[in-house]
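A short worksheet on the structure shown next.
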Amino acid sequence: VHGGNEKKRCVKNLERMLCGTDDERLLNKELGAQLKSQWQQSKKIIKLLLLGPGESGKSTLFRQLKILYGEPATEQQRQAYTATIYHNTVVTMKDLLRHAEAQGIKDQIQDQASAELVLSVPDEAFIGRPLGTAIKALWADPVLQTVWARRHEYQVPDSAAYFFNNIERLMQEKYLASPEDFLYTRVRTSGVVTDAFSIQGVKFEMFDVGGQRSERRKWIHVFSDVTAIIFVAALSEYSYTLFENNDINRMEEAIKLFGEICANSHLQRCSLILFLNKCDLLEEQMKLNPIENVPLWSDFKGISVAEAQSYFLTKFLQRNSNPERSVYPHFTTATDTANIKFVFESCRNIILENNIRGSGF
């Protein structure tokens, strides 16, 4: 149990226990002490909720915190990640080939045999040397690079480039996914994923919930007793559209959703931390598709990454209609372990200070 309402309920229960026989009063006193102890113990657990739209990097952040503060991955978990990596790599290369065909440039690919090999294998195929060599050849082809440069027009994950660039390692017979590899895997979150870890004696419970619109109705089930929210949005996806609706801009959706979280009456007491993520991809995206070329962001007048960060941060903060509600913003790269460790240490102090300030029995 946790929070002001729960505290009041505990007090009322204790008041009702004051009547009865001596034995009943003794029993009620012991029960009251137990309830109080449980309530105080729960105050020592930090409930951390990751929210944000789909493709923002929430799940990558979740995995990064597990790597930093959780138990080391088991052999079985690494094998499961390896299978996911094979699937992500094969499926994404197939998608690029299909987009090349849709654009009428597939026949310009130099190694047609490699293209046909990739298209012929199952999505979950093992990447041995023959398939790995084909993927490597295709990734180096100018046609596929042209298609990749337009990936903001399709639902192609940016993280796929990491595996294409590491294909030599993936095709080794004894390849087993590393913790760094975990961060680049793509598995769409459905429902609620939880984990727990301890930092300097403080227990954290972390909840990652699906960001797609169809998943958001499940969010209310994890709003109870939240200590802190980390809202994650991808800075580099200002020109991308939603996975579930190609007519809606991802950044616009993220800003709107952030405003809803700020205004949610169930979440007024918890710390609100804003992670503007994928900073590593922002500069590349600005070169490929300048921010001001997107009609929604035509008022952007800057040229630098720092100016872009400031511009979008302002858009988010303007959605916080409560002047007494503090928002703690950070610019992040969820795949950068050192960056996330530094930022989370700062956030941890904020969370603990706010939790102590709001506690008491």
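None of the figures in this text is laboratory data; all of them are computed from the coordinates on show. Please read all numbers here as calculations on a predicted model, not as lab measurements. Neighbour counts run over all protein chains shown; Cβ positions are idealised from the backbone, glycine included.
Packing here is the average count of other Cβ atoms within 10 Å per residue, and on that basis the peptides 69-76, 130-137, highest first, run 130-137, 69-76. For ASP195, the residues whose modelled amide H falls within less than 5 Å of its own, excluding neighbours fewer than 5 places apart on the same chain, are MET206. With a ≥ b ≥ c the root eigenvalues of the C-alpha gyration tensor of the stretch 219-361, is it rounded (a/c under 1.5), prolate (a/b larger than b/c) or oblate? In terms of gyration-tensor shape, prolate. The HN-Hα couplings worked out from phi for the stretch 95-110 by the Karplus form 6.51 cos²θ - 1.76 cosθ + 1.60 (θ = phi - 60°) are 4, 4, 5, 5, 5, 4, 5, 5, 8, x, 10, 4, 6, 8, 5, 5 Hz, whole numbers, x standing for Gly and Pro. According to the square roots a ≥ b ≥ c of the eigenvalues of the Cα gyration tensor, what is the shape class of the stretch 104-190, taking rounded for a/c under 1.5, prolate for a/b larger than b/c otherwise, and oblate for the remainder? Note, shape of the stretch 104-190 comes out oblate. Modelled spin labels at GLN145 and ALA102, positioned 7 Å past Cα toward Cβ, are 2.3 nm from each other.
Packing here is the average count of other Cβ atoms within 10 Å per residue, and on that basis the peptides 46-56, 92-102, highest first, run 46-56, 92-102.
Where Lys and Arg each count +1 and Asp and Glu each count -1, what net charge lies around GLU168 among other residues with Cβ under 12 Å from its Cβ? Every neighbour counted, the sum reads +3.
Judged by the ratio a/c of the largest to the smallest principal axis of the C-alpha gyration tensor, the stretch 264-312 counts as prolate, that ratio being 1.5 or greater while a/b is larger than b/c. Estimate the FRET efficiency between ASP299 and GLN155 by the formula 1/(1 + (r/R0)^6), using the beta-carbon distance for r and 41 Å for R0, to the nearest 0.05. That gives a FRET efficiency of 0.90. Extending 7 Å from the Cα toward the beta-carbon at both GLN268 and VAL121 defines two label points whose distance is 5.6 nm. The distance separating the Cα centre of the stretch 74-141 from that of the stretch 42-66 comes to 31 Å.
In the stretch 133-172, which residues have a backbone nitrogen under 15 Å from the label point lying 7 Å from ALA113's Cα in the Cα-to-Cβ direction? So the set is 133-138.
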